[in-house]
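Participant: Shown below is the structure under consideration.
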Amino acid sequence: MPTEQSAIESVLNETRRFPPPAPGEVGAARWLIDSADAYRAMYERSLADPDGFFEEVTADLHWFRPWERAVEFKAPDAKWFLGGKTNLCYNCLDRHVENDRGNEVALVWEGEPIQPNGQPEIVTYTYRELLREVCKFANVLKKLGVRKGDVVTIYMGMVPELAIACLACARIGAVHSVIFGGFSSQAIVDRVVDADSRVIVTCDGAWRRGHVVPLKENVDAAVNELQASGGAGAGSLLRDQQIDYVVYLKRTRNQIVWHADRDYAWRDLMVMADEWCPCEELDSEDDAFILYTSGSTGKPKGIRHTVGGYMVHTYLTSKYVFNLIPGLATPKRPDPLPDGQLFWCTADVGWITGHSYIIYGILAARVPSLMYEGAPNFPAEDRFWAMVERHKVTQFYTAPTAIRAFMKWGQEHVEKHDLSSLQVLGTVGEPINPEAWMWYREFIGRGVCPIVDTWWQTETGGHMLTTLPGVHDTKPGSCGVPFFGVDAAICDEQGNEISGGGGLLAIRKPWPSILRGVWGDRDRFVSTYWTKFNVDGALDNGDGVSPYYFPGDGAHRDPDGYFWILGRVDDVINVSGHRLGTMEVESALVSHPSVVEAAVVGMPHEIKGTGIAAFCTLEPNEMPKDAAGMDRLRAALTAHVAEQIGAIAKPDQIRFTDALPKTRSGKIMRRLLRDVAAGVQQIKQDTTTLEDFTVLARLHESKES
Ligand code: PRX
């Protein structure tokens, strides 16, 4: 039996199910798809006749030149909407303005700080206003020499200008690479070098829980490091990388250091910019953006998405999964959305969820998108619910880790607010435990709103497995069934479908927003995603490429055809719904002078779902003599990891040990460490290959006090 499968055991025995409510029960005008038969017919057609299906369902989207063929696939390379010319920005903005919807609200933004009047700052943009700002920034980028295909790095807080910067890139065919504002300057260096990016767009700082995150300072540190290594010559990892321009938006007004040779204030450039910028007619297969994500090796990979397929899939999933129905033209301020829908995704644009469901898919579907700058518990734990009430949010999309935090904070924060505007709830990022699911349904969804549990990845661009709110029964903990165009199955390593029990999740056909590659690393693209399933001996013949896509997750499928995700089967962990490679954290730890070797594994965590446990062996004279010394070293290592990667990678538990459990061939036995980290006293696993049994006993004793 393949090793992964033995590790995948389904422990859930969840039998509750909830039928979809009538639309009126949740205040929806109607369900766009309202029967299992309609879903099935569309689903079957999407696989059997992609040309016909996609032509019909994307009739709203604009193509400068219509595509001729939906898909062409020779593993691992997929092309979609061949021959088509289009533009993401055009479909998110210009199209609505041209259809006389320019005065409708496109984006509602709420800042984190509470102003002296007791209210937060709220800014709305209509499609016309957003288009004007986007055109101006597109002209700014052009002035800085940015051309089609160039990579623009964006490292900003959650401000409207972040969306504007992304859309401006999309407009001119530049490739954006958004870096999450929680990442460190070292993460910026790595990504800028990998993408060969010469322009960075940032902010002076970002508001987070009442504090300022010094974004510009982090960018400066990154640029300084790049410059310092510029003269390092051949062999330097940094390849003489040059940052030509840093554009910074003043948001938090914290003190920054200004560098005359490269720094430009956003507003100074914008006042001089023309208000119109033509839209680049892009090929469907031109690059739209890259987004770095962790893998099972130390270096994050730049996932490539292209224009046409990404646009179609994010548009379709936004529309059908969240039941988005564009309203009548809504008068603008002061009450911009009297009866229309307002969609709120609480993710950061630094992750794929924010790309697809704050910006592109939602704007393309012509329902206003709410963007929030800060933390869920600022100034108090009811911030999100106050916002739902204030803005009359109709669709709410968040992560299980947030839901668990809300549960812990208590329902009294929820009960203070009127959440009756909510129609559909969504979750994403990690498996949701049924208890959190039920709490979400009861306390946020008033016991009636359907929950869509959407399984997908940075690599998939948009939802892959989900229920549809007006169609499917929901089951706590299951992410449901495949979306249109998605051929998902549970397979063994030969690619045979497994009917009962756990196995590997496989996607057997390309879908429109499938990743097109890993930026600059073809081998990694192939080896990570296309060498798992030996379908008909594909791996042993010819180019050794599998016809099935391997997402890296284990899953099982119940007799109703519902998928249940069991978690990652590689060395990637999902911390608070954010993917982290254990190797990345290990590399950060061993780059500290005290650490010789480190092994990092996931461990159960009440809020984060999975926490980070680190086992470190130390330099001979570095083992602290007492508990206080250990605490000091733990604090130093934690800070070091935050500096190397970002705060999200901080270990929750660090244990010091004189040896790690290894096989005779020297491989660290991570599965044993997982048990140790989880506090399992009686290790039941097979330890016959363990080299030194006493190591395990000593590890158990090494728990921090
Ligand atoms: O393990 C799955 C988990 O998150 C991984 C993808 O992480 P990332 O690329 O950062 O994207 C997260 C947002 C789309 C997947 O391989 N995952 C994502 N959604 C779910 C999930 N696990 C269970 N249920 C989900 N709904």
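The numbers here are math on the coordinates, done by the rules we state, and not lab data. This structure is a prediction, so every number in the text was calculated from the model and none was measured. Because the Cβ atoms are built from the backbone with ideal geometry, glycine has one as well, and the counts that use them run over all protein chains shown.
Participant: Percent relative contact order of the stretch 244-310, based on C-alpha pairs within less than 8 angstrom and at least six residues apart?
Facilitator: Relative contact order for the stretch 244-310 comes out at 24 percent.
Participant: Run the numbers on the chain and let me know its relative contact order in percent, using alpha-carbon pairs under 8 Å that are six or more apart.
Facilitator: Across the chain, relative contact order equals 14 percent.
Participant: Say each of residue 259 and residue 98 gets a label point 7 Å from the Cα, pointing the same way as Cα to Cβ; how far apart are those two points in nm?
Facilitator: It is 4.1 nm.
Participant: Which far-off residues, 5 or more places away or on another chain, put their amide H under 5 Å from the one on residue 517, with H placed in the peptide plane?
Facilitator: Placed amide hydrogens put 304 under 5 Å from residue 517.
Participant: Let me ask something else about it. Long-range amide H contacts for residue 426: which residues qualify at under 5 Å (H placed 1.01 Å from N, peptide plane, sequence gap of 5 or more or a different chain)?
Facilitator: For residue 426, whose amide H was placed from the backbone, the distant partners under 5 Å are 396, 397, 398, 452.
Participant: Follow-up. Under a Cβ-Cβ limit of 4.7 Å, which cysteines in the chain have nobody to pair with?
Facilitator: Those would be 89, 92, 166, 169, 203, 279, 345, 449, 479, 491, 616, since no other cysteine Cβ in the chain comes under 4.7 Å of theirs.
Participant: Please label the shape of the chain as rounded, prolate or oblate, based on the square roots a ≥ b ≥ c of the eigenvalues of the alpha-carbon gyration tensor (a/c under 1.5 means rounded; beyond that, a/b larger than b/c means prolate, else oblate).
Facilitator: Since a/c stays below 1.5, the shape of the chain is classed as rounded.
Participant: Take peptides 549-558, 106-115 and line them up by average Cβ neighbours within 10 Å, highest first, as a rough protection proxy.
Facilitator: 549-558, 106-115
Participant: Which Cα, out of 353, 470, 384, lies furthest along the positive dipole direction of the chain (beta carbon charges, K/R +1, D/E -1)?
Facilitator: Towards the positive end, the residue furthest out is 384.
Participant: Restricting to bridges with both residues inside the chain, how much of the DSSP beta-bridge set is antiparallel, in percent to the nearest 5?
Facilitator: 60
Participant: Where a Cα-Cα gap under 16 Å defines reach, which aspartates and glutamates qualify for residue 148, not counting those fewer than 8 residues away within the same chain?
Facilitator: 196, 280, 281, 283, 285, 286, 287
Participant: Using only the Cα atoms of the stretch 310-447, build the gyration tensor, take square roots of its eigenvalues as a ≥ b ≥ c, and label the shape rounded, prolate or oblate: rounded if a/c is under 1.5, else prolate if a/b is larger than b/c, else oblate.
Facilitator: oblate
Participant: Relative contact order (percent) for the stretch 572-701, with alpha-carbon contacts under 8 angstrom and 6 or more residues of separation?
Facilitator: The normalised contact order for the stretch 572-701 reaches 22 percent.
Participant: Is there a quick way to get the dipole size of the chain? I mean about its Cα centre, with the Cβ of Lys and Arg at +1 and of Asp and Glu at -1; what is the value in debye to the nearest 20?
Facilitator: The dipole of the chain has a size of about 700 debye.
Participant: So how do 352-359, 300-307, 95-102 stack up, highest first, on mean other-Cβ count within 10 Å?
Facilitator: For the peptides 352-359, 300-307, 95-102, the packing ranking is 352-359, 300-307, 95-102.
Participant: Between residue 590 and residue 409, take the C-beta separation as r, use R0 = 30 Å, and let me know the FRET efficiency to the nearest 0.05.
Facilitator: The computed FRET efficiency comes out at 0.25.
Participant: Students often check this: by mean Cβ neighbours within 10 Å, which of 665-671, 205-211, 405-411 ranks highest, and how do the rest follow?
Facilitator: The packing order, highest mean first, is 205-211, 405-411, 665-671.
Participant: I would also like to ask the following. Local charge sum around residue 516 (other residues, Cβ-Cβ under 14 Å, Lys/Arg +1, Asp/Glu -1)?
Facilitator: So the environment of residue 516 carries a net charge of -2.
Participant: Further question: Apply the a/c threshold of 1.5 to the C-alpha gyration tensor of the stretch 146-301 and tell me whether it is rounded, prolate or oblate.
Facilitator: Since a/c stays below 1.5, the shape of the stretch 146-301 is classed as rounded.
Participant: How much net charge surrounds residue 157 when only the other residues with a Cβ under 15 Å from the Cβ of residue 157 are counted, with Lys and Arg +1 and Asp and Glu -1?
Facilitator: Taking every Cβ under 15 Å from that of residue 157, the sum is -2.
Participant: In addition: How much net charge surrounds residue 292 when only other residues with a Cβ under 13 Å from its Cβ are counted (Lys, Arg +1; Asp, Glu -1)?
Facilitator: With Lys, Arg at +1 and Asp, Glu at -1, the net is +1.
Participant: Give the calculated FRET efficiency between residue 497 and residue 435 to the nearest 0.05, with a Förster radius of 35 Å applied to their Cβ-Cβ distance.
Facilitator: Using R0 = 35 Å, I get an efficiency of 0.65.
Participant: Next question, about the same structure. Express in whole angstrom the spacing between the alpha-carbon centres of the stretch 28-45 and the stretch 379-403.
Facilitator: 28
Participant: Calculate how many DSSP beta bridges within the stretch 146-301 are antiparallel, expressed in % of all such bridges and rounded to the nearest 5.
Facilitator: About 20 percent, rounded to the nearest 5.
Participant: Starting at the first residue of the stretch 258-266, write each ³J(HN,Hα) from the Karplus equation 6.51 cos²θ - 1.76 cosθ + 1.60 with θ = phi - 60°, in whole Hz, x for Gly and Pro.
Facilitator: Once θ is set to phi - 60°, the couplings for the stretch 258-266 become 9, 10, 4, 7, 9, 8, 9, 6, 3 Hz.
Participant: Let me ask something else. Residue 242 to residue 380: extension gain in nm, 0.36 nm per residue of separation minus the Cα-Cα distance?
Facilitator: So the chain would gain 45.4 nm between residue 242 and residue 380.
Participant: Amide H of residue 208 versus every other amide H placed in the peptide plane: which residues, excluding those fewer than 5 positions away on the same chain, fall under 5 Å?
Facilitator: Under 5 Å from the amide H of residue 208: 213.
Participant: In nm, give the distance between the simple-model label positions of residue 123 and residue 560, each being 7 Å from the Cα along the Cα-to-Cβ direction.
Facilitator: Each label point is offset 7 Å from its Cα along the Cβ direction, giving 4.5 nm.
Participant: When the helices in the chain are scored as -39500 (n - 2.57) per DSSP H run of 4 or longer and the sum is shared across all residues, what 222 nm value do you end up with, to the nearest 500 deg cm²/dmol?
Facilitator: One gets -8000 deg cm²/dmol as the mean residue ellipticity at 222 nm.
Participant: Can you work out ³J(HN,Hα) from phi for every residue in the stretch 217-229, in order, using Karplus 6.51 cos²θ - 1.76 cosθ + 1.60 and θ = phi - 60°, giving whole Hz and x for Gly and Pro?
Facilitator: Calculated HN-Hα couplings, in order: 4, 5, 5, 4, 4, 5, 5, 4, 5, 5, 5, 4, 8 Hz.
Participant: Per residue of the stretch 558-570, in order, report the coupling 6.51 cos²θ - 1.76 cosθ + 1.60 (Karplus, θ = phi - 60°) as ³J(HN,Hα) in whole Hz, putting x for Gly and Pro.
Facilitator: Along the stretch 558-570, the couplings run 8, x, 7, x, 7, 8, 10, 7, 9, x, 6, 10, 10 Hz.
Participant: If I model a spin label at residue 635 and residue 667 as a point 7 Å from the Cα along the Cα→Cβ vector, what separation in nanometres do I get?
Facilitator: Those two pseudo-labels are separated by 4.0 nm.
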